[in-house]
Each structure stands twice: as C-alpha cells, then as structure tokens.
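Novice: Structure below; questions to follow.
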Amino acid sequence: MNTITKKPDTNEQFSAVMRICFDVFEKKFKDYKLSWTILRVSSITDQIFIKLQRIRSIEEKGEQKIEDSVKSEYIGALNYSIMALLQIDSQKQEITEASVMKLYKNKFNEAKELLAKKNHDYDEAWRDMRVSSITDLMLMKILRLKQIEDNKGQLIASEGASANYLDIINYCVFALIRIGAVE
C-alpha cells in the first residue's frame with residue numbers, strides 16, 4: 001500500500017503561530033496597554049535573553065521548577081522581538097493604542113516574507129535541526145544585538161539590529177512548530 005505523507009505547509013503553520021502569539025499579545029495589551037513602550041530597546045533585548053536562557057537551562061537540565069511552559073517562553077521571546085522592532089521604528093512613527101495591533105501584524109508579516117525567502121534558499125533545513133540548536137542560534141542573535149547596542153549601532157560588516165530581531169521571530173516560529181505548538 002502506497003501512502004503519500006503530506007509535507008507540512010510552512011505558510012499555514014506560520015499563520016497558526018502568528019494567531020497564537022497575537023492572541024497572547026492582544027490579551028496582555030488589554031491588561032497593560034502601552035506600558036512596554038517605556039522600555040529601551042536594550043531592556044527588551046535583555047528580556048528576550050532571559051526567556052531564551054531559561055529555555056536553554058530547561059533543555060540542559062531536563063526539568064523545570066516554574067510552571068511557565070517553554071512554549072510560553074518562545075511566545076514571549078517572539079512578542080518581545082516585535083516590541084523591539086516597534087520601538088526601533090517609533091522614531092519614525094508613533095505607537096498608539098489605536099495603531100499597535102496593526103503595527104504588530106505588519107512586523108509579523110515582514111518576518112513571514114523574510115522566512116519565505118530564506119526557506120526557498122535553505123530548503124527548510126530548520127525542520128531537521130534540533131530545537132536546542134534553534135535556541136542556541138537565538139541566543140547568539142541576542143549576543144550580537146547586545147554588542148550592536150554596546151557599539152551604539154555602529155557596524156562595520158554586519159546586518160543591523162532589525163535583521164537580528166526578525167531572525168529571532170522566525171526562529172521562535174520554527175521552535176514553536178517543532179515542539180508541536182501547532183499542527
């Protein structure tokens with residue numbers, strides 16, 4: 001009997017992750033409004049670092065003592081990455097309560113477009129990666145961001161902060177797909 005296994009549709013999975021993350025962001029926005037806009041981008045970077053470091057610690061120890069799930073930490077890292085991008089752009093356009101949801105979706109769609117291009121070139125190699133490697137790559141991106149921030153954004157041959165946050169968003173999507181957060 002010949003059965004053909006349907007290849008997962010990355011676009012559909014990305015959209016499913018987006019709905020999950022947007023739902024969390026929207027609920028927290030209702031609770032906290034724009035309070036996060038007081039944070040400097042470097043503080044947001046540190047928040048992402050904390051979340052990713054916790055995931056790595058759980059991966060290495062094989063156990064956790066706080067109930068917050070690894071899934072919720074990836075969602076948090078993704079949402080903080082979008083917040084960082086919005087903060088970077090806030091010098092060009094103001095973030096208001098009325099605009100924040102649209103701006104959020106725009107950043108997620110920007111990441112989705114980047115993912116489609118990279119998936120074309122890399123042929124979805126992430127599907128064969130270990131989740132722990134995805135976590136490590138995100139931590140490396142955070143360390144790069146910290147260095148960019150420490151250098152006041154001055155770069156010689158590297159991509160800027162926004163590109164690193166977009167990559168973190170996509171790595172979070174990969175991790176959430178790989179841990180079974182979406183079908």
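Novice: Find out how many positive minus negative residues lie around LEU176, taking Lys and Arg as positive, Asp and Glu as negative, among other residues whose Cβ is under 11 Å from that of LEU176.
Specialist: Value of the local net charge: +1.
Novice: Still on this structure: Would you mind giving the three semi-axes, in whole Å and largest first, of the ellipsoid equivalent to segment 19-88 according to its Cα gyration tensor?
Specialist: Value: 23, 15, 10 Å, ordered largest first.
Novice: With just the Cα atoms of the chain, tell me how far they stretch along each of the three principal axes, in Å, largest first.
Specialist: Dimensions of the chain along the principal axes of its Cα atoms: 60, 39, 34 Å.
Novice: Using each residue's phi in segment 70-79, evaluate 6.51 cos²θ - 1.76 cosθ + 1.60 at θ = phi - 60° and report the 3J(HN,Hα) Karplus result to the nearest Hz, with x for Gly and Pro.
Specialist: Once rounded to whole Hz, the list reads 4, 3, 5, 6, 5, 4, x, 4, 5, 5.
Novice: With +1 assigned to the C-beta of every Lys and Arg and -1 to the C-beta of every Asp and Glu, and no other charges, what is the dipole magnitude of the chain about the Cα centre in debye, to the nearest 20?
Specialist: 180
Novice: Right, something else. Which entries in LYS112/LYS141; LYS71/LYS146; LYS33/LYS102; LYS33/LYS65; LYS30/LYS105; LYS112/LYS146 show an alpha-carbon gap greater than 22 Å?
Specialist: Those over the limit are LYS71/LYS146; LYS33/LYS65; LYS112/LYS146.
Novice: Helix-only estimate, please: 222 nm mean residue ellipticity of the chain, summing -39500 (n - 2.57) across DSSP H runs of length 4 or more and dividing by its residues, to the nearest 500.
Specialist: Computed ellipticity for the chain at 222 nm equals -23500 deg cm²/dmol.
Novice: Picking from MET138, TYR80, ASN164, whose Cα lies most toward the positive end of the charge dipole for the chain (charges on Cβ: Lys, Arg +1; Asp, Glu -1)?
Specialist: It is TYR80, whose Cα lies furthest towards the positive end.
The numbers here are math on the coordinates, done by the rules we state, and not lab data. Everything numeric here is computed off the predicted structure, so don't read it as measured data. A quick note on method: Cβ atoms are made from the backbone with ideal geometry, for glycine too, and the neighbour counts reach across all protein chains shown.
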